[in-house]
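Quick note: the coordinates plus some simple rules give every number you see, no bench work behind them. Nothing here was measured: the structure is a model prediction, and the numbers come from that model. Here the Cβ positions follow ideal geometry from the backbone for every residue, glycine too, while neighbour counts run over all protein chains shown.
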Amino acid sequence: MTILQAKNLTLADVHRLFDFQRQYNRSFSPILSLEPLTESEQQELIQIRNDFDSYLIEGKVSEGLVKALTIFPLLRLAGFYRFPIKISLEEEIANIDITDEDTKITGQMDILAVTKAQQTTAKAYFWVLVIESKNSSITVSEGLPQLLTYAYDNLKHQKSVWGLVSNGQDYQFVYILQGNYPTYHLMPKLYLIEPESAIELLQVLKAICKL
């Protein structure tokens, strides 16, 4: 049997192994309802952006710092730290068996948000958001195969899940749907450094948190 690490898969591998179909969405509507930010939320968002930018201008920002400076503060501001949402880190995925190819895929999710208000199985809760982070020098597209792999097996238990790949600067949201051929929708890419885009970024996170 061949054992593959999710982090080593290409997008072509993911399409072949899981029959994923790709689509592009020009807007987050009507999937999500985005609400205006409060003045205090906008001020905190500016602080997050400035904190990250002060590191970025000095050179590459490590994956750990990307999480600490941007993803964790954004999740807190969006409401992901409040009940019934719970966050887990570096969660091992169940081994995914590709029987036709005698292959097993293993891996570890960076960040997983679930809601304790809804169970999908006796031992599992509904996945709200799966996040894959990269250092600032890596394009977000490189994290997409991992994200899709992590989400794939969970589509047995729920109809859809949101995913996010980020390098601190760029934020690629993905809406992933089950089906005979599972589909992932690439949403408009958002940017923390650009003020208007950063506002939409927080609005999207808040909307996903409330689903």
Cα-based Lys pair tally, the chain, threshold under 15 Å, eight or more apart or on separate chains: 10
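For the chain, what is the percent of antiparallel DSSP beta bridges, rounded to the nearest 5? List each step's numbers first, then the result.
Working: 30 of 43 bridges.
Of those bridges, close to 70 percent are antiparallel.
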Considering only C-alpha atoms, what is the centroid distance from the range 160-176 to the range 41-105, in Å? 10 Å
Just want to confirm a number: the relative contact order over the chain, from Cα pairs under 8 angstrom separated by 6+ residues, in percent. 27 percent
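What does the net charge come to around Leu144 if you take all other residues with beta carbon closer than 10 Å to its beta carbon, with K and R at +1 and D and E at -1? Kindly include the intermediate steps, with their values, before the conclusion.
On the way: positive: Arg22; negative: Glu132, Glu142.
After counting each charged neighbour, the total is -1.
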First select every other residue whose beta carbon is under 14 angstrom from the beta carbon of Glu132; then total the charges, Lys and Arg +1, Asp and Glu -1. -3
What ranking of Thr139, Thr149 emerges when the number of other C-beta atoms within 10 Å of each C-beta is taken as an exposure proxy, fewest first? Thr139, Thr149
Towards the positive end of the charge dipole of the range 2-209, with charges on Cβ (+1 Lys, Arg; -1 Asp, Glu), say which of Gln169, Asn154, Ile93 has the farthest Cα. Asn154
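Within the range 133-206, list the trypsin sites (Lys or Arg not before Pro) lying in a DSSP loop whose Cβ has at most 11 other Cβ atoms in a 10 Å radius. Write down the numbers at each step before the final one.
Working: sites: Lys134, Lys156, Lys159, Lys189, Lys206; in loops: Lys134, Lys156, Lys159, Lys189.
Sparse-neighbourhood loop trypsin sites (Lys or Arg not before Pro): Lys156, Lys159.
Peptides 31-41, 66-76: what's the order by average Cβ count within 10 Å, highest mean first?
Values: 31-41: 12.8, 66-76: 20.1.
Most protected by this proxy first, the peptides run 66-76, 31-41.
Could you put Phe28, Phe173 in order, starting from the residue whose Cβ has the fewest other Cβ atoms within 10 Å?
Numbers: Phe28 19, Phe173 24.
The order, fewest Cβ neighbours first, is Phe28, Phe173.
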Under the Karplus curve 6.51 cos²θ - 1.76 cosθ + 1.60, θ = phi - 60°, whole-Hz ³J(HN,Hα) for the range 78-88, x wherever Gly or Pro sits: 7, x, 6, 8, 9, 4, x, 6, 10, 9, 10
Exposure proxy check on Ile57, Ile138, Ile176: fewest-to-most Cβ neighbours within 10 Å is Ile57, Ile138, Ile176
Where does the chain land at 222 nm, in deg cm²/dmol rounded to the nearest 500, when only DSSP H runs of n ≥ 4 count, each adding -39500 (n - 2.57), divided by all residues? -9000 deg cm²/dmol
Rounded to whole Å and ordered largest first, report the semi-axes of the equivalent ellipsoid of the range 72-211 derived from its Cα gyration tensor (root of 5λ). 24, 19, 13
Treating only the Cβ atoms of Lys and Arg (+1) and Asp and Glu (-1) as charged, compute the dipole magnitude of the chain about its Cα centre; round to the nearest 20 debye. 560 debye
